[in-house]
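Visitor: Just passing along the structure, written as structure tokens.
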Amino acid sequence: ALKLEVEGSDAENVCYLRHLNDANRLATAIQSSSNGKTGVIGGGYTGMECAASLVINKNQCDYTVERLFTPKIASLYEDYDRAKEVKFIKGTVLTSFEFDSNKKVR
């Protein structure tokens, strides 16, 4: 995964999945969060798994993706994850984050 080059991408609560340390940090963040609003940006299968894990941990989750697989495969996965209350936002590209004075994404 590439680091996002948008305003706010260096916020404390923005996680990436590029190597093992990132994976450990992401797993800890998912396990320790609940009843929050979260988002997953891209990531294909891995992004969808992260979104599902966040919902399992009682977070509201939006999954933003420019394009997701072929239409037939995308439909299967989207239906499965929508049943778990993952909200898909398709056909868009992230341009910035909104963050608070503590440098945390809102």
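The values are calculated or read from the model by the stated rules, or taken from the named source; none is laboratory data. Every value quoted in this text rests on a predicted model; they were computed, and no experiment measured them. Please note: Cβ atoms are built from the backbone with ideal geometry, for glycine as well, and neighbour counts cover all protein chains shown. Quick note on the areas: whole protein, heavy atoms, side chains included, nothing else; ligands and nucleic acids left out. Shrake-Rupley method; radii C 1.70, N 1.55, O 1.52, S 1.80 Å.
Visitor: Sort 26-34, 38-46, 90-98 for me by packing, meaning the mean count of neighbouring Cβ atoms within 10 Å per residue, highest on top.
Guide: Details: 26-34: 13.2, 38-46: 16.9, 90-98: 11.3.
Per-residue Cβ counts within 10 Å, averaged per peptide and sorted highest first, yield 38-46, 26-34, 90-98.
Visitor: Here's a follow-up. May I ask you to give the percent of accessible area on the chain that is carbon plus sulfur, with a probe radius of 1.4 Å?
Guide: Working: 3710 of 7290 Å².
The value for the chain is 51 percent carbon and sulfur by accessible area.
Visitor: Give the residue list of GluC sites (Glu not before Pro) in segment 2-58 that are DSSP loop and have at most 12 other beta-carbon atoms within 10 angstrom. List each step's numbers first, then the result.
Guide: On the way: sites: E5, E7, E12, E49; in loops: E5, E12.
Answer in residue order: E5, E12.
Visitor: Can I ask one more? Match the structure shown to one of the listed values (1) 75; (2) 20; (3) 36 of percent of Cα pairs over 24 Å apart, computed from it, and give that label.
Guide: Here percent of Cα pairs over 24 Å apart agrees with entry (2).
Visitor: What dipole magnitude, in Debye to the nearest 20, does segment 56-106 give about its Cα centre under +1 on Lys/Arg Cβ and -1 on Asp/Glu Cβ?
Guide: Approximately 80 debye in magnitude.
Visitor: Next question. Could you work out the helix-only [θ] at 222 nm for the chain, with each DSSP H run of four or more residues adding -39,500 (n - 2.57) and the total divided by the number of residues, to the nearest 500 deg cm²/dmol?
Guide: -11500 deg cm²/dmol
Visitor: Something else now. Solvent-accessible area per residue for segment 18-106 at a 1.4 Å probe radius, Å²? Don't skip to the end; give the middle numbers.
Guide: Numbers: 6120 Å² over 89 residues.
Using a 1.4 Å probe on heavy atoms only, each residue of segment 18-106 averages 69 Å².
Visitor: Aspartates and glutamates near K87 by alpha-carbon distance under 12 Å, same-chain residues fewer than 8 away left out - which ones?
Guide: Filter leaves D62, E78, D79.
Visitor: Now, a different point. In nm, give the distance between the simple-model label positions of D100 and I56, each being 7 Å from the Cα along the Cα-to-Cβ direction.
Guide: If labels sit at D100 and I56, their model points lie 2.8 nm apart.
Visitor: Continuing with the same structure: Which lysines, if any, have their Cα less than 21 Å from the Cα of K84, not counting same-chain residues under 8 positions apart?
Guide: Of all the lysines, those that pass the test against K84 - Cα under 21 Å, at least 8 places apart if same chain - are K37, K58, K72.
Visitor: Next question, about the same structure. Size of the dipole of the chain about the Cα centre, Lys and Arg at +1 and Asp and Glu at -1 on the beta carbon, nothing else charged, in debye to 20? Working shown, then result.
Guide: On the way: 14 positive and 14 negative charges, 35 e Å.
Computed about the Cα centre, the dipole is about 160 debye.
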